[in-house]
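Worksheet for the structure shown next.
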Amino acid sequence: MTALIDLLDRLIGVIGLPEFLHYVVLTSIKIVLVLVPLIIAVAYFTYAERKIIGYIQNRLGPNRVGWYGLLQPFADTLKMLLKEIVVPSNASPFLFFLAPLLSLMAAFAVWAVVPFSENFVIADIDAGLLYVLALTSMGVYGVIIAGWASNSKYAFLGAMRSAAQIVAYEIAMGFALVGVLMAGGSLNLSAIVLAQEGTSVLGWFVWPLFPLFMVYFISGLAETNRAPFDVAEGESEIVAGFHVEYSGIAFGLFFLAEYANMILITALTVIFFFGGWMSPFAGIPGLDGTFIGQSSFFWMAIKMAFFMFCFLWARATFPRYRYDQIMRLGWKVFLPVTIVWIAVEGVMVAAQIGPWAA
Amino acid sequence: MVTTLLFYAFASVLIIAAVGVIASKNPVHSALFLVLAFFESAMLWLLMEAEFLAVVLVLVYVGAVMVLFLFVVMMLDINVERMRDGYTRYLPLGLVVALVVILEIGHVIWYRSQNLPFLTVPEPNPEGYSNTRELGSVLYTEYVYAFELASVVLLLAIVAAITLTMRKRPGLKVQDVAKQVAVNRDDRVRLVKDDAGTETET
Amino acid sequence: MPDFTPAAAEIFLIGAICVVLLVDVFLTDEQRRLTFRLAILSIVGAAACSSYFAATESVTGFSGSIVADPMSDLLKMFAYLVVALVFLYSRDYLVRAGLFKGEFFILGLFGLLGIVVMISANSMLTLYLGLEILSLSLYALVAFNRNSATAAESAMKYFVLGAIASGTLLYGISMLYGVTGTIRLDELAAYFTTTATLDVPAMLGLAFVIVGVAFKFGAVPFHMWLPDVYEGAPAPVTLFIGSAPKIAAFALAWRVLVEALGGLHDSWQDMIALLSVLSLAIGNVVAIAQTNLKRMLAYSTISHVGFILMGFVAGTDTGLASAMFYTVTYALTSAAAFGMIILLSRKGFEAERLEDFKGLNERSPWFAFMMLIVMFSMAGVPPFVGFYAKLVVLESVIDAGMLWLAIAGVAFAVIGAFYYLRVVWYMYFDQPAENEVALDADLDLRVVLSANVLALLALGLFPGGLLDLCSRVLS
């Protein structure tokens, strides 16, 4: 990956652009390098979702389009692109179209600071963790505006539910990240991963921060409005929630944003708690130096795939929470747990126990 | 050069958004313009290398405060026509106040640029300078007292809000999760010996 | 590690508040008295902290955020005393009115914390935060009786006006910061003693700060909230607002005007003099027209604020000492006056109309006599403490060469005497209404209230000690 970037750097250098434009072009190429695989990943994540849930429920899942249904995502995309976008009467047209774009913007922009390997990250900024928090909190606007601009009661109810839920869980999530920040000693995501570099798996933050990891991952489920926290969509009550009035590719954009967010949560979970691109087999004699023992993007992808599977697993397994139970879990369970654990962590830092032993 | 360009871009959007807040007819649009204004001011702070403040502005105001604000505004049934009644009536007064404020601010800026030598364009921060770290280190040393007091204000605000709003309604059904979790099989299931063909007592 | 001793009382108080808050959550309504006892205990503990760590000289702490000096210790002691009195007087009323909740005492303790923080602030930031803590708890306390629409309305009024005043104060502070580059009071003082000329931005900042201070005092023309809040709030809350925050307002004015901006005395003297005369005039004249005792006392507060501000106008050491003397004695007098209202109130009935005091002499000669002392003291009749307080303030103003102010003060005090004496007239020379019942207050309330009132007499007879103390701690 690094070699590729270097090569591109030199290639663009041949043209002899001014420094600023050179930077813009190079960064644009990096963005494309991140976003295109991301969109493809989203497409196949939907395919995986249908297949996996299908197998869990003793069904086959999509198997008509292409070999084993492998072309199904493309068929779906094509269908959505060709469908008409219906704007409800008395809707606010500008906001109606702004909403999916806002969702997508927030979902994509966060990827700028996500490091995929030691040298590949679009923007290696110092306040990366804060940036992640700020941008994920922006995502709620897409939902709220969509619900309001649709001029529909179902959509509005869904938007209210989802916005309240997102705001509530963001707090627990933020507190969980405070713990990571204390452990990593930096707000820079690459630095957080590097802080977990140890002799073995035991250096990963998931061990000292286990409660925070649980809170973070479950909050991630809630934050993305996934089952079992998907009352915002609540098919049985309010049809589909905030995007009930959207059709065609406008709906497709929400879909894309939602799945991109899910993948983002898995990426962040891996970065914060599971050593990012570190190999789990590092430090095992005999494996050092081989591909398995080496840190690389491969390991990051494997770990992300595992957590993506967990997302689907949770959806297939758990019944939906009631709305007040969701709020209770967020405010009365997760919030105290994170605060207590931050206090515990503070004591551990002061007493130099665990990874903080200097 | 690029920074200057960005500054003017952000600043002009900020002003447009600020005007939009007061000029738009629909309160929801006003609130959304306010969100945009916050976002643009955060961008301006970023240009001034105050990245912590910028991100926290987005996180707190855009991400939380304005969301709740929008909640309320969206659910209120506001009569827009009546709200605009006083607009022209109060406009002259508003303009006067605005003018006075502008003059005052201008005066203070002018004053500082005249009399005090320390007002110059600040040097760009060196590489590796972390705004967050610097802020943290003064917040927890020099301003720790004020910082803790601010937390007391927040605690007080919580207590006050709960005092004024919480009432125990009689007959409220409450779910006690701990009790639900602690339930044993024996509490819920009773095995009854059922002799087929004979009557059983239940 | 900073030195915690200058803030010992504050730290103890916030810890105690947290304990009371937590304990109160687990109490049933029958055990609620424990909250009350703990609250009193917290105040006693804070007082013990203050006296144990009493400062002999001015010590700053927390990088100059706070200052511990003899003046702050003395003011804090009075604040503890007054708030403890408030709690004691309030208890029975709250029980009878069905308002006996832990939050009253918790919010009260928060208010006390705000007062204490303001008293020993050494930076505009600390001062402002203390003010916010005090104001926020007062807003909540005014609306404490949720079933009362007038309480909610007056709380709303108080909140909106208070927020504007806080904004004004902050705006002024920011301007002063723009000019001087500091928010620490000692550094501000140093700046303004070296810089003799006062320019327009600093002048504007000063004006805004004074507006903020005047609002918190309730000085005319920033007094609009006061009568409504006094009338709308439940009696114990009026008692609280009418007494302890005056000490905080004095501290606020002293820290800002004298300590930080003392170098600008010539600039603010006229502004304060104007506030003082207006407060005396409006307060005394409008009070005559009131039939509601709480409202009357609100206007009387405004007029007393005029006297306190007179000490600042004089600006001399004796002037400030007399203003401090006036403040603390007024806080005690006010506590006694509202204590009397509470004493006469019963379930579902607030003894807040003047008519309710008719013929009190026949129902309870002792408490009629007590009320007589309070009213005489407020009116400034010798030998009670109100007389002496007015006397020293007027003396200091005359010494400062502002005879016209002193004459105005005396003239309005004479006008004001009318409505205080009217209360006395009602008590002694009017027949009680027919459905009056005997007083049924608890013994401890009676004893403490009597002691409070007798203290007014004692201080009036022997004012020297407290006055000496005031001038000693200020120098």
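Bear in mind that the values in this text are calculations on the coordinates, not laboratory data. Not measured: the values here are computed from a predicted model. Cβ sites come from the backbone with ideal geometry, for glycine too, and all protein chains shown count toward neighbours.
Normalised by the residues of chain C, what does the relative contact order come to in percent, with Cα pairs under 8 Å and at least six apart?
The value is 14 percent.
May I have the count of lysine pairs in chain A with C-alpha atoms under 26 Å apart, counting pairs 8 or more residues apart or located on different chains?
Pairs that pass both the separation and distance tests number 5.
Quick check: the distance between the Cα centres of region C:292-325 and region A:139-157, to the nearest angstrom?
Cα centroid to Cα centroid, the span is 57 Å.
Considering amide H positions built from the backbone, and no H for Pro or chain starts, which residues 5 or more places from residue A:209, or on another chain, come under 5 Å of its amide H?
Counting only residues 5 or more places away or on other chains, the set is empty.
Please list 3J(HN,Hα) in residue order for region C:397-414, calculated via the Karplus relation 6.51 cos²θ - 1.76 cosθ + 1.60 where θ = phi - 60°; whole Hz, with x for glycine and proline.
5, 5, 4, 7, x, 10, 4, 4, 5, 5, 5, 4, x, 5, 4, 6, 5, 5
For residue C:58, list long-range residues whose amide hydrogen, built 1.01 Å from N in the peptide plane, is under 5 Å from its own amide hydrogen.
Excluding prolines and chain starts, which carry no amide H, there are no hits.
For labels at residue A:324 and residue B:107 in the simple 7 Å Cα→Cβ model, what's the distance in nm?
Distance between the two pseudo-spin positions: 5.8 nm.
Grab the other residues whose beta carbon is less than 12 angstrom from that of residue C:139, score K and R as +1, D and E as -1, and report the net.
Around residue C:139, the charge tally is 0.
What does the C-alpha gyration tensor say about the overall shape of region A:90-162? Classify as rounded when a/c is under 1.5, otherwise prolate if a/b is larger than b/c, or oblate.
Judged from the Cα gyration tensor, region A:90-162 comes out prolate (a/c at least 1.5, a/b above b/c).
Quick check on the exposure proxy: order A:76, C:3 from fewest to most C-beta atoms within 10 angstrom.
C:3, A:76
Name the lysines eligible as straight-distance cross-link partners of residue C:294: C-alpha to C-alpha under 24 Å, and not fewer than 8 places from it in the same chain.
Once the sequence-local lysines are set aside, what remains near residue C:294 is C:101, C:157, C:216, C:246, C:347, C:358, C:390.
Where does each of C:66, A:302 land when they are ranked from fewest to most other beta-carbon atoms within 10 angstrom?
So the residues, fewest neighbours to most, are A:302, C:66.
Could you pull out the GluC sites (Glu not before Pro) across region C:1-102 that fall in loop regions by DSSP (anything but H, G, I, E, B) with no more than 12 other Cβ atoms inside 10 Å?
C:57
Can you tally the net charge around residue A:308? Count Lys and Arg as +1, Asp and Glu as -1, for every other residue whose Cβ sits under 14 Å from the Cβ of residue A:308.
Taking every other residue near residue A:308 into account, the sum is +3.
What number do you get for region C:5-474 when its Cα radius of gyration is normalised by 2.2 N^0.38 Å, N = residues?
0.93
Determine the sum of side-chain charges near residue A:58: Lys and Arg each +1, Asp and Glu each -1, restricted to other residues whose C-beta is under 15 angstrom from that of residue A:58.
Every neighbour counted, the sum reads +3.
Give the lysines reachable from residue B:25 as a straight Cα distance under 17 Å; neighbours fewer than 8 places away on the same chain don't count.
Correct list for residue B:25: empty, as no lysines qualify.
Just the ratio, please: alpha-carbon radius of gyration of region C:247-342 over 2.2 N^0.38 Å, N its number of residues.
Normalised by 2.2 N^0.38 Å, the Cα Rg of region C:247-342 equals 1.14.
If you plug each phi of region C:244-252 into the Karplus form 6.51 cos²θ - 1.76 cosθ + 1.60 with θ = phi - 60°, what whole-Hz ³J(HN,Hα) values come out, in order, with x for Gly and Pro?
4, x, 5, 5, 5, 5, 4, 4, 4
Region A:257-335: which trypsin sites (Lys or Arg not before Pro) are DSSP loop and have at most 13 other beta-carbon atoms within 10 angstrom?
When the trypsin sites (Lys or Arg not before Pro) of region A:257-335 are filtered for loop state and at most 13 Cβ neighbours within 10 Å, A:322 remain.
Using modelled amide H (1.01 Å from N, peptide plane; none on Pro or chain starts), what sits under 5 Å from the amide H of residue C:353, excluding residues fewer than 5 places away?
Distant-sequence amide H within range of residue C:353: C:293.
Exactly which trypsin sites (Lys or Arg not before Pro) in region C:26-58 are in a DSSP loop and have at most 11 other Cβ atoms within 10 Å?
Hits after loop and neighbour filter: nothing returned.
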